[in-house]
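Just below is one structure, and these are the notes that go with it.
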Amino acid sequence: MPNPKVVYPAAHAPVYAVAFANADGSAATVSSGAPMPVALGDGALASMGAMSDPAAASDTASASLIALFKRLLAKLPASLGQKTAASSLPVILASDQGAVPVQGIYNATAPTLTNGQTAQLQTDVNGALAVRLQWNGSFVTGINGAMADAQTNTVQSVLSMTRGFLFNGSTWDRQKKACTVSRMPSSAASTNATLAKAGAGDLFAIQAHNTTASVIYLKLYNKASAPTVGTDVPVKTLALAPGASLGASAAWANGLYFSTGIAYALTGGAADNDTTAITAGAIVGLNLDYQ
């Protein structure tokens, strides 16, 4: 049997009574599973507030729940997606937070990005961080340890090596130390034209002692053979003072570079074309330290 209609007499005005009916006007059954619906009008509860309430002036203001909720909404970004720092919510790590792990990703083919894009750190197949060096807008490629002296080794390759390199004026050489000595225990009665090294090299130091009362000149040549004294032009001339030793003034920490070879001679005159021979034993303990 359907529920009866809820009808009030025309002249009846109920007091302290609630009529609960279905949409068709029939009486509705109220139970724990279907409780009586209750709707509060806007502003019915002062603590709840009205929808027209403005946002609270501060987080601790005495305001309605709607006003406080509006203040909370105003602190959130207006939309989802990446924002600038000024438009983002601040995030602070907890005081007991450990190190934040940083992870990378392996890609058989490296990604190609455009302006403004971000990417994960790239690793190799073993999980090691992949790093590519760049020089003057280009990536450094083909780096290995097979670097040769006096060759046109590119700046990119040289600067990426762990060992030091020195510029010789046109190309790069490995930084090295003296490991060979050209010795003349005692000079002969001549110009003592001598070849120390038949190839490019670095001269690091010279030691010698002049036993005479006159200045003697040690001339260095960039040649791969013994010099023709008086004809070949020396690249450097050192004056050996009478009765004195040559030491600290003839030392080069990074080496004095000879691109063709290292040769030398001893003469009694300073001029490049001088051929004056010195006496036997005039110079003793002559050593050229080179590599």
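The values are calculated or read from the model by the stated rules, or taken from the named source; none is laboratory data. Source: prediction; values computed, not measured. Note that we place each Cβ from the backbone using ideal geometry, even for glycine, and neighbour counts take in every protein chain shown. These accessible areas exclude ligands, DNA and RNA; they are computed on the full protein's heavy atoms, side chains included. Shrake-Rupley method; radii C 1.70, N 1.55, O 1.52, S 1.80 Å.
Put a dot 7 Å past the Cα of Gln82, heading toward its Cβ, do the same for Ala110, and the two dots end up 2.0 nm apart.
The packing ranking, built from the mean of other Cβ atoms within 10 Å per residue, places the peptides 48-54, 182-188 in the order 182-188, 48-54, highest first. Taking 19 Å as the cut-off, the amide N atoms of segment 196-223 that come nearer than this to a point 7 Å along the Cα-to-beta-carbon line of Asp272 belong to 217-223. Accessible surface area normalised per residue over segment 40-125 is 85 Å², counting heavy atoms of protein chains with a 1.4 Å rolling probe. From the largest down, segment 200-291 spans 34, 29, 18 angstrom on the principal axes of its Cα atoms.
Close amide H partners of Ala56, meaning residues 5 or more places away or on another chain with modelled amide H under 5 Å apart, are Leu68, Lys70, Arg71.
Note on Lys75: accessible area is roughly 100 Å² with a 1.4 Å probe, heavy atoms of protein only.
Per-residue packing, averaged as other Cβ atoms within 10 Å, sorts the ranges 105-113, 169-177, 282-290 into the order 282-290, 169-177, 105-113, beginning with the highest. Between Thr276 and Gly268, Gly269, the built amide H atoms are under 5 Å apart, and every one of these is 5 or more places off in sequence or on another chain. Rolling a 1.4 Å probe over the protein chains gives Thr279 an accessible area of about 90 Å². Solvent-accessible area of segment 239-291 (1.4 angstrom probe, protein heavy atoms only): carbon and sulfur portion equals 52 percent. Take Ser245, project a point 7 Å from its Cα along the Cβ direction, then tell me which residues of segment 254-287 have their backbone nitrogen under 11 Å from it. What the label zone holds, given the 11 Å backbone N cut-off, is 285.
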